[in-house]
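Encoded as structure tokens, the structure appears first; notes follow it.
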Amino acid sequence: MLVAAAAPAQSLQLSRLDADPLPVQVLAGDFDGRFVAVSDLSMRELSRAPRWWRLTAKRDYPAGAQPQLVLRSPHLNKVEVWLPGSPLPLRRELLDADRSNSTRALVVPLDHGLAAGESLYLRVQSLTPLPMTAAIEPLAMVHRKDMAHVAWRTAVLTTMSVLAILAFGFWAGIGERSYLMLSLTLLAQLLYLVSYGGEARSIPWLSILVSDDPRVGRMFGLIAVLASNAFLAYYLSLRQTQPALMRVLTACNVAIGLLMLVTLTTVAPLVAVAANLVLLTGFGIVLTAGAIGAWRRQREAYFLLLSWSPVFVLTALRFAAVLGWWGNPEWMDYAFPVGFALGGLVLMIGLSDKLQQLRRDRDQASRQATYDALTGAMTRPAIEARLKTAVESAHKSRRPLSVVFFDVDHFKRINDEHGHRVGDQTLRIISLRTRNRLRTYDLFGRYGGDEILVVLPDTQLREALGVAENLRSSVNCRPLSIDGKLLAASLSVGVAELLHEETAEHLLERADAALYASKSAGRDRVTGHNATRVQELVS
């Protein structure tokens, strides 16, 4: 790129006249001695007043090669070009209705070529402080670069449009506010790019964005900065994690709001310089917050640094070009918008990753609320909800349903004599033994303390009594081994089958009554409750 930039500088010389005399005086050579050569081929102006420039050929440009004067990155500049021997200028600007080239440059054909020593005179009214670069290229090269420019810009603008639409769709679908903020940020950046790049002129309802008033583009640029600052602060949770930096960023946002008010009243180029300065400050704050977040292992910070660091560097280079600290290479015309597009893409991925992490945390919290940590059984709210659903399903399908209610005999004595840790181990082992005797679709929940509720779908009372006896025998068949001690344990069990149009609450009451009957009869037994009486199965 450095070699390519140096090549045209060897064959052309650009000079500037700090005045705006009459064209006839300039063309007559009256001011030739006052033109001052510049070091490169960039026309850079901070004033809106028209200025004269002279482009002198150091070698021949024959007409057979169809040479074209190319003024790259014209933005909103208005240019008048006097060819050698022509008394009338050719006028060019980005908003020309009859343009036949892309928006990357203003193109003037040199039909008669340009001999070594001949000069082109240009009268330029700069409406933006960004430099405009001059070159002479053959027509074939102009067409080739135009096609490449259209392809790049189409890809970038399409990518940003799709990302903005997707982000808005995600917000509409799941209600996550961060997606809406990202969508608005991308939309503001998109409008900034098409207003300065000139693509908006091809869309009737957007053509109002492309005018010779630079305040339109600046306003969209400032809105884009506000939107991106708000989104990034929300994305990194700066208000909670880094309140000091959040206050500084808020001050920058206030300064941007003041600049927006100033922009409405003046088109002075210094406003653009101040806006870029505040923009870089805001970017620096956000990147600092991202670096601190990355140091704290905040996952979102890694995505922010990956997406926003290139944008920060490219913005700094663009600001340096405005101030004249370096040239305006051709690749910057593409790198700047590509940086926005890739930044939006990475942030979209990062935002999706954040939501996925929130979903995993929610699922983990849901699991903790659903399953008891000690026994692995469902918690009381969870088993009650599942029982209610199972009862409704059984009534609709007219299928049988039974429940088994049991607790550990003399569990309080185990806690009192051996301590709560042994009591917890007792519950854990009993839960493991009993749950292993159930079918995969049976429901097993800790109802409270040492009480366990088992829901048996598609099971009649007779079969449920057999399951309950199997559970009882799984516990009293052998002692529990805890801390090198053998502890005897047994269960008292109550069983009930769902009756026609019976509620889940009434079914539980009957199972509890059967459990109480087992305890009253001496414990370590199973009792069934049918529609008319309590029936003891095992003594």
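Nothing in this text is a laboratory measurement; each read-out follows from the coordinates by a stated rule. Here the structure is a predicted model, which is why all the values come from computation and not from measurement. When we count neighbours, we look across all protein chains shown, and the Cβ atoms used for this are built from the backbone with ideal geometry, even at glycine.
Output the DSSP H helices from the chain with an along-axis C-alpha extent of no less than 18 Å and a mean Kyte-Doolittle hydropathy no less than -0.5.
139-174, 177-197, 215-235, 243-265, 269-295, 299-323, 332-370, 461-476, 504-520
I need the peptides 103-111, 368-376 ranked by packing, meaning the mean over residues of other C-beta atoms within 10 angstrom, with the highest value on top.
Going by the mean number of other Cβ atoms within 10 Å, highest first, we get 103-111, 368-376.
Identify which of the listed values of Rg/Rh (Cα atoms, Kirkwood Rh) was calculated from the structure shown: (1) 0.95; (2) 1.33; (3) 1.02.
(2)
From the square roots a ≥ b ≥ c of the eigenvalues of the alpha-carbon gyration tensor of segment 30-151, which class results: rounded (a/c under 1.5), prolate (a/b over b/c), or oblate?
Oblate is the answer for segment 30-151, as a/c is 1.5 or above yet b/c matches or exceeds a/b.
Obtain the nm distance between the two label points defined at I292 and Q356 by a simple spin-label model: each point lies 7 Å from its Cα along the Cα-to-C-beta direction.
2.9 nm
Label L432 and E509 with points 7 Å out from Cα along Cα→Cβ: what is the distance between them in nm?
Going from the L432 label point to the E509 one covers 3.9 nm.
So how long is each side of segment 380-536 along the principal axes, counting just the alpha-carbon atoms, biggest first, in Å?
51, 30, 22
Summing Lys, Arg as +1 and Asp, Glu as -1, what charge do residues with Cβ under 13 Å from the Cβ of L22 carry, L22 excluded? Walk me through the numbers before you get to the answer.
Working: positive: R123; negative: D20, D30, E80.
Computed value for this residue: -2.
Give me L306, L232, L71, L139 ranked fewest to most by other Cβ atoms within 10 Å of their Cβ, as a rough exposure proxy.
L139, L306, L71, L232
Can you give the calculated 222 nm mean residue ellipticity of the chain, where each DSSP H run of n ≥ 4 adds -39,500 (n - 2.57) and the sum is split over every residue, rounded to the nearest 500 deg cm²/dmol?
Calculated at 222 nm, the ellipticity per residue is -18000 deg cm²/dmol.
Which FRET efficiency, nearest 0.05, do L499 and Y234 yield, Cβ-Cβ r, R0 51 Å?
Efficiency, rounded to the nearest 0.05: 0.40.
Which entries in K58/K145; K354/K396; K388/K519; K145/K354; K354/K388 show an alpha-carbon gap greater than 32 Å?
K354/K396; K145/K354; K354/K388
Report the FRET efficiency, 1/(1 + (r/R0)^6), for D30 and A244, where r is their Cβ-Cβ distance and R0 is 56 Å, rounded to 0.05.
The computed FRET efficiency comes out at 0.35.
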